[in-house]
Amino acid sequence: MDTGTHVVMGIALGGLATLDPVVASSHATATSVLIATIAGSQIPDIDTILKLRNNAIYIRNHRGVTHSIPAVLLWPLVILAVVYPFFPNANLLHLWAWTFAAVFIHVFVDIFNAYGTQALRPFSSKWVALGVINTFDPFIFGIHVVGILIWVIGANPGITFSFMYLVIFGYYLKRYQAKKRVLVEVRTLIPDATEIIIAPTMKFHHWRIAAMNKEQFFVGRAIDGKVEILDHFKRIPVPKTPVIEAAKKDKNLSAFLSFSPVYRWEVDEYDDFYEVRFIDLRYRSNGHYPFVAVVQLDRDLNPISSYTGWVFSEKKLRKKLSIISN
């Protein structure tokens, strides 16, 4: 989920913790638990600072080791080491338990996004992505804000957030059922599909679709259960040419290929250089595919510039490549 949603989830979990008699009976424990649940709801995303280095490192590592099983066990101890000295009268066991819950819930809800996490590391490096909830879901964020406001005006936080989480559980089930219906419709339209990726959007009844069979890629959308194929491309295997093999060694393209399961590729030859472009087909927006990886190579196949990330116009992409090469 996005940062804002994780913040309100941390606050809500701190309120829910008041159902714990040990927390409710101690001001020090209640206060430290609230601080720790907010921190625990954020700390797995500490790898966001990798963006400061470059997109390639961020794409390769975001929601990786920081969302792994060892990290889920480690983060609560890190938070306790910082928080507990300020609240020595707090109950350490219950403080740890609610902090662990905050970290675990962060990783757990991220699994339901299309991006997913490597939550099974070190046992598996596979990305677990159920694709049911968008990274930012207005309903989930909104109901948390409403719950917090009700708490502020004096309602019992334990009861308030218990009811809220029951509603959210039902919402998750509805989202899962909606995705399943879209999947059935896609299989009807493309009965020989070998892979189907259905990604949520911020709109409840609007889904992105990327699929493939042995011969073609299909890009579409579903609105109110009606599936529409918007684009299709001939599926051409990536050839092992010297140009493409040299481009694959670039960190940006390598990161893209580690992240994207459905893409098409292009190679353009200019007077002084080659340009290799890989285009992710999952994120069609207004007829444009904004998530790309581009590598420019000179005539001797040495890299000139490269970029991976989101670009919403060719002009901006050219500007980024120019800045990098300079």
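Being in contact (Cβ under 8 Å) with a residue 40 or more places away in the chain, open to solvent by 10 Å² or more (accessible area, probe 1.4 Å) and within 26 Å of PHE141 (Cα to Cα) narrows it down to one residue among THR99, THR31; which is it? None of the others qualify; the one that does is THR31.
Mind listing whichever residues of region 78-90 are assigned to a helix (DSSP H, G or I) and exposed (fewer than 13 other Cβ atoms within 10 Å of the Cβ)?
ALA81, VAL82, PRO85, PHE86
Here ARG282 meets the list (1) open to solvent by 50 Å² or more (accessible area, probe 1.4 Å); (2) touching a residue at least 12 places away in the same chain (Cβ under 8 Å); (3) of a type in the set (Lys, Arg) almost entirely, failing just condition (1).
Identify all residues within region 222-248 that are touching a residue at least 24 places away in the same chain (Cβ under 8 Å) and closer than 25 Å to GLN118 by Cβ; write none if there are none. Listed by number, the list holds a single entry, VAL238. Checking region 57-69 against the condition returns a match, with at least one residue being in contact with a Leu (Cβ under 6 Å, 6 or more places away or on another chain) and within 29 Å of LYS179 (Cβ to Cβ). Of all residue pairs spaced 6 or more apart or on separate chains, those with beta-carbon atoms under 8 Å, a first member in region 8-19 that is of a type in the set (S, T, N, Q) and a second member that is in a helix (DSSP H, G or I) are THR18/ALA24; THR18/ALA30; THR18/PRO157; THR18/GLY158.
The rows are residues; the columns are (1) within 16 Å of ILE59 (Cβ to Cβ); (2) modelled with pLDDT under 90; (3) assigned to a helix (DSSP H, G or I).
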position: PRO261; (1), (2), (3): yes, yes, no
position: ASP268; (1), (2), (3): no, no, no
position: PHE278; (1), (2), (3): yes, no, no
position: TYR283; (1), (2), (3): yes, yes, no
position: LYS315; (1), (2), (3): no, yes, yes
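Evaluating LEU93 against the criteria (1) surrounded by fewer than 20 Cβ atoms within 10 Å (Cβ to Cβ); (2) closer than 30 Å to PRO70 by Cα; (3) aliphatic (A, V, I, L, M); (4) modelled with pLDDT under 95 leaves one unmet condition, (4). Residues in region 49-61 that are surrounded by 15 or more Cβ atoms within 10 Å (Cβ to Cβ) and assigned to a helix (DSSP H, G or I): LEU50, ASN55, ALA56, ILE57, TYR58, ILE59, ARG60, ASN61. Scanning region 261-275 for residues that are in contact with a helix residue (DSSP H, G or I) (Cβ under 9 Å, 6 or more places away or on another chain) and closer than 21 Å to ALA210 by Cβ, we see that the one that is surrounded by the fewest Cβ atoms within 10 Å (Cβ to Cβ) is TRP265.
The set of residues in region 170-190 being open to solvent by less than 50 Å² (accessible area, probe 1.4 Å) and either under 22 Å from ILE236 (Cβ atoms) or out of contact with any His (no Cβ under 9 Å at 6 or more places or on another chain) (or both) consists of GLY170, TYR171, TYR172, ARG175, LYS179, VAL182, VAL186, ILE190. Residues of region 113-149 that are within 26 Å of VAL78 (Cβ to Cβ) and buried (at least 21 other Cβ atoms within 10 Å of the Cβ): ASN113, THR117, GLN118, ALA119, HIS144. Among the conditions (1) crowded, with 19+ Cβ neighbours inside 10 Å; (2) at pLDDT 90 or above; (3) over 22 Å from ILE168 (Cα atoms), the only one that VAL8 does not satisfy is (3).
The values are calculated or read from the model by the stated rules, or taken from the named source; none is laboratory data. Note that the coordinates shown come from a computational prediction; the quantities given were computed from them, not determined experimentally. When we count neighbours, we look across all protein chains shown, and the Cβ atoms used for this are built from the backbone with ideal geometry, even at glycine. Ligands, DNA and RNA are excluded from the accessible area calculation, which covers all protein heavy atoms including side chains. Shrake-Rupley method; radii C 1.70, N 1.55, O 1.52, S 1.80 Å.
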